[in-house]
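Please read the structure below before turning to the comments.
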Amino acid sequence: MNSSKKPEVSIITVTKNRADLLKRAIKSVLSQSFTDFEYIIIDGASTDHTAQVVESFNDRRIVYKKLEEDMSPVTLCVDYGVNLSKGNYLTFLDDDDEYLPQKIEKQYNLLKTLPEEYGCVYCWMDYYDTRTGKMIKEHHPSVRGNIFSESIPINYIYTCCIYFCQNAKLWPRRDCICINFM
């Protein structure tokens with residue numbers, strides 16, 4: 001990443017020993033129509049060929065950090081990635097998932113048009129059978145309002161929604177309003 005220019009968006013993926021799945025995630029990030037991002041991959045002490053997979057992409061936007069020891073639970077790895085991030089906006093991608101090509105562009109553009117109190121947008125996600133390519137489930141979460149309230153655990157938001165938010169390090173409020181744009 002060119003250190004003279006701060007990226008607009010930071011994308012974070014946490015992985016461990018899932019090199020073959022990670023390839024698809026990386027390809028989907030690098031295929032985004034929105035290109036002003038850094039892609040932070042936190043490797044939780046993998047013993048497989050994860051490092052070689054990441055290095056094979058040879059893209060300056062990728063920031064790869066291999067941890068020397070396991071940081072469990074996974075939220076510690078996520079926090080590590082957030083602390084490394086430099087973008088004004090933050091989004092996450094699981095190592096076994098992929099983004100549609102305009103995911104970041106659409107969410108970025110929507111969030112930029114909303115009033116300041118809107119700090120997060122999210123979208124639905126679909127589950128596919130990797131062998132047949134057929135969709136097996138649509139997931140349409142319906143969280144709204146203050147999504148960081150104690151009534152909705154953050155891991156629910158992280159794991160069931162593909163969300164896009166203002167970077168909490170740069171944005172001092174803990175509360176934000178969230179809308180579904182799909």
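Residues that are surrounded by fewer than 13 Cβ atoms within 10 Å (Cβ to Cβ): list the strands (runs of 3 or more DSSP E) wholly contained in segment 62-142 that include at least 2 such residues.
125-128, 135-139
Go through the residues of segment 15-31 one by one and say whether even a single one is of a type in the set (Asp, Glu) and at pLDDT 90 or above.
The answer is yes, given that some residue of segment 15-31 is of a type in the set (Asp, Glu) and at pLDDT 90 or above.
For segment 25-52, which positions are under 22 Å from residue 7 (Cβ atoms) and of a type in the set (A, V, I, L, M, F, W, C)?
Matches in segment 25-52: 25, 26, 29, 30, 34, 37, 40, 41, 42.
Filter segment 1-54 for residues that are assigned to a loop (DSSP other than H, G, I, E, B) and among the basic types (Lys, Arg); which is surrounded by the fewest Cβ atoms within 10 Å (Cβ to Cβ)?
5
Looking at segment 61-93 only, could you name the residues that are aromatic (Phe, Trp, Tyr) and touching a residue at least 40 places away in the same chain (Cβ under 8 Å)?
89, 92
The values are calculated or read from the model by the stated rules, or taken from the named source; none is laboratory data. What you are looking at is a predicted structure, and each value in this text was computed from that prediction instead of being measured. A quick note on method: Cβ atoms are made from the backbone with ideal geometry, for glycine too, and the neighbour counts reach across all protein chains shown.
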